[in-house]
Structure formats: C-alpha cells, structure tokens
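Dumping the structure here so I can ask a few things about it.
The values are calculated or read from the model by the stated rules, or taken from the named source; none is laboratory data. All values derive from a computational prediction rather than experimental measurement. Virtual Cβ from ideal backbone geometry, glycine too; neighbours counted across all protein chains shown. Ligands, DNA and RNA are excluded from the accessible area calculation, which covers all protein heavy atoms including side chains. Shrake-Rupley method; radii C 1.70, N 1.55, O 1.52, S 1.80 Å.
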Amino acid sequence: MKDYFGYENKVCVVTGAASGMGKATAEMLVDLNANVYALDWNEVEVAGIKEYIQVDLSNKESIDGAFDKIPEHIDSFFGIAGLSGAKTDFLTTTKVDLIANKYICEAYLENRMSKGGSIAFMTSTGGNNWEDEGNKSVYMPVLEVQGWDETVEALEKTGLTALPGTLGYPFSKLAMNYYTMQLQQVFAAKGIRVNSVLPGPTATGMKDEFEKMAGGEESLISNNGYNTSLATSQDMAAPIVFLNSAMAANISGVDLVVDYGKTGEEIAGIREVQPMNLSAILQMMRR
C-alpha cells in the first residue's frame, strides 16, 4: 500500500504524549512508521516510539534540554500538551498552553524545519471568537514580542496573572488560534504548513476538571454538537495526524473545528451562540 500520509521515517515531535490526545496521536504516528519523539512530564508508555523525553513545558531551560535530545531536523511538530487551569495558576497555565508553543516555534522550529514540514497545535473551541477585536486587545500584547522572558514579562505587565488559572485556559486558546494565522508569514512562506485542531469536549484525563468548569457533564456534552457523548482522544488525534500529513499538503492557516457541527451552526445563525468575550469577563472580575 502506498504511504499516502507520508510519515515513514519522518521525525515527529509530540508534546503531551503521556495521555489523552497526545498519547493517541503518538500511537497513530508509530503505526504510520514515524520516528516519534514523545515529550511529557509523565512517562510516555507508547510502544514503538523513538524516545521519551521528560520535559516541564512551563520552564524554558527544561524545553531547551529536551530539544537538545531531538534530531537537528524536525519534519512535523504536534503541540498537544495543555492544562485546564483548574489546578494551576494563570501564569503556569499560560506557559504550558501558549508560551511553550510560541517559544518552541521561535527558538527551534523556525531553524530546524524545511520545506514540506508541518506544524499543528491542539487548541480548543474554547478559543472560538479569537478574531473579535475585544479579545485580540487582551492577548495581542503577549504575541507582539519574541523570546521566553520577553513574553512572560509582557504577560505579567497586563496584570492578568492575578486572575484564576481557569481564565488562563481560554486566554491561551484564543491566542493560539490567532497565533496559527500569525505564523503563516514565517512558516507557510517557507513551505512549512501550520494548522490547528479545535476540539469540542473530549473524554481525557482532564474530563472532571472541564465538567466542573462547565457546570456538569450534561452541560459539557451539550457543547459537542449533535454528538450525544464526549468525543474520544482518538477522535481528535485523527484530524491532527491528517493535518500534519502529506494528505493535507495544500492546507495551511486552518483552525479545524471538531465539535460535530456546533460551531458551524453558531456561525450560520442556526444555533444560539454566546461568543467568548474575554475583555468583558476581565472587566467584570476587576471591579
């Protein structure tokens, strides 16, 4: 059978590979004969990976050490690791969900990928409405600077780090959905594609945390369109593996929503929508 996906012997870096969507992605890539470098704080137990590399994505030095162990040339990067913010503060949540991806792109992928390469992030439908000017005014100061220290400093200057970690999650996802577009000028211009998958509610290790944030399982499932249950990790791994594959060779700059029709109906006006308005939320919390 022809290798339509084109992962044979390709160097693929997957963050968050110990569980959930990251683990499911690593498993699929192994089945497609990729050389998988699996990054996570927890041990990655996926048979057939090339190497497990322990990393703390909230720490610049730990990221640097991890990339020292990865081959110089990287074919595909999968930024999947993430925190809900339920058990971490705003800064830590944002470092893992946003700043780590940004730093990896700036410090490593820009110099270690070539034409034909691909980058895909696992973001969230919690970052829908990223194009709203009010939302952009909140996250853009963090995306307008380069470097780990500079980005952290820009975030701290906004005063947002005093807010709960659960707000760090939508902040990061809004920013990541925009960042996918921002990166086109840097990477797509060099023939390196950049896309994102925006999952609807999914049964991962953070399910209980998201249920609490949503107000219960029924409320969480209601955000998954016509699917009457939570999606599986495999349901989200498949689209991100596709987007980074040769099968999607002409796809770049796409925020691919995977929520069984919910967002599409909201955009079309068929379903009532309550768009994320982070600036309004922040104003209310600061009163």
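Residues are listed down the side, and each one gets a yes or a no for (1) touching a residue at least 12 places away in the same chain (Cβ under 8 Å); (2) closer than 17 Å to K173 by Cβ; (3) open to solvent by less than 30 Å² (accessible area, probe 1.4 Å):
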| residue | (1), (2), (3) |
| --- | --- |
| A34 | yes, no, yes |
| I53 | yes, no, yes |
| D56 | yes, no, no |
| A66 | yes, no, yes |
| K69 | yes, no, no |
| S76 | yes, no, yes |
| L98 | yes, yes, yes |
| N101 | yes, yes, yes |
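Among what's in segment 78-95 and is outside any loop (DSSP other than H, G, I, E, B) and touching a strand residue (DSSP E or B) at 6+ places or on another chain (Cβ under 8 Å), pick the residue that is surrounded by the most Cβ atoms within 10 Å (Cβ to Cβ).
Filtering segment 78-95 down to residues outside any loop (DSSP other than H, G, I, E, B) leaves 78-79, 90-95.
Imposing the further condition that a residue be touching a strand residue (DSSP E or B) at 6+ places or on another chain (Cβ under 8 Å) reduces the set to 78-79.
Values: F78: 30, G79: 28.
Here the answer is F78.
Kindly provide the set of residues from segment 226-259 that are of a type in the set (D, E) and either in contact (Cβ under 8 Å) with a residue 40 or more places away in the chain or open to solvent by less than 50 Å² (accessible area, probe 1.4 Å) (or both), ordered by number. Working first, answer last.
Residues of segment 226-259 of a type in the set (D, E): 235, 255, 259.
Correct list: D255, D259.
Going by the structure shown, is Y37 among the aromatic types (F, W, Y), touching a Lys or Arg at 6+ places or on another chain (Cβ under 9 Å), farther than 22 Å from A237 by Cα and at pLDDT 95 or above? Steps first, answer last, please.
Values: among the aromatic types (F, W, Y): yes; touching a Lys or Arg at 6+ places or on another chain (Cβ under 9 Å): yes; farther than 22 Å from A237 by Cα: no; at pLDDT 95 or above: yes.
Here the answer is no, as Y37 does not meet what is asked.
Counting only residues that are open to solvent by less than 10 Å² (accessible area, probe 1.4 Å) and not hydrophobic (A, V, I, L, M, F, W, C), which one in segment 17-32 is nearest to the chain's Cα centre (by Cα)? Working first, answer last.
Restricting attention to segment 17-32, the residues satisfying the condition of being open to solvent by less than 10 Å² (accessible area, probe 1.4 Å) are 17, 22, 24-26, 29.
From what's left, not hydrophobic (A, V, I, L, M, F, W, C): 22, 25.
Values: G22: 10, T25: 13 Å.
My answer is G22.
Restricting to segment 240-265, what's the tally of residues that are out of contact with any Pro (no Cβ under 9 Å at 6 or more places or on another chain), of a type in the set (D, E, K, R) and over 20 Å from Q182 (Cβ atoms)?
Selection size over segment 240-265: 2.
State which residue is nearest to the chain's Cα centre (by Cα) when the search covers only segment 124-171 and only residues that are among the charged types (D, E, K, R) and closer than 12 Å to L278 by Cβ. Before the answer, list the steps.
Looking only at segment 124-171, we keep the residues that are among the charged types (D, E, K, R), and these are 131-133, 136, 144, 149-150, 153, 156-157.
Filter once more, so that each one left must be closer than 12 Å to L278 by Cβ: 132-133, 136.
Values: D132: 20, E133: 22, K136: 18 Å.
Taking the candidates together, the pick is K136.
Now for a different question. What are the residues in segment 7-23 that are touching a helix residue (DSSP H, G or I) at 6+ places or on another chain (Cβ under 6 Å) and over 16 Å from P239 (Cβ atoms), if any?
Listed by number, the list holds a single entry, A17.
Every residue in segment 229-261 that is out of contact with any Phe, Trp or Tyr (no Cβ under 6 Å at 6 or more places or on another chain) and over 28 Å from F77 (Cβ atoms), please.
Matches in segment 229-261: S229 only.
Collect the residues in segment 1-16 that are within 25 Å of K115 (Cβ to Cβ) and either open to solvent by less than 50 Å² (accessible area, probe 1.4 Å) or of a type outside the set (D, E) (or both), keeping them in residue-number order.
Residues of segment 1-16 within 25 Å of K115 (Cβ to Cβ): 2-15.
Scanning segment 1-16 gives K2, Y4, F5, G6, Y7, N9, K10, V11, C12, V13, V14, T15.
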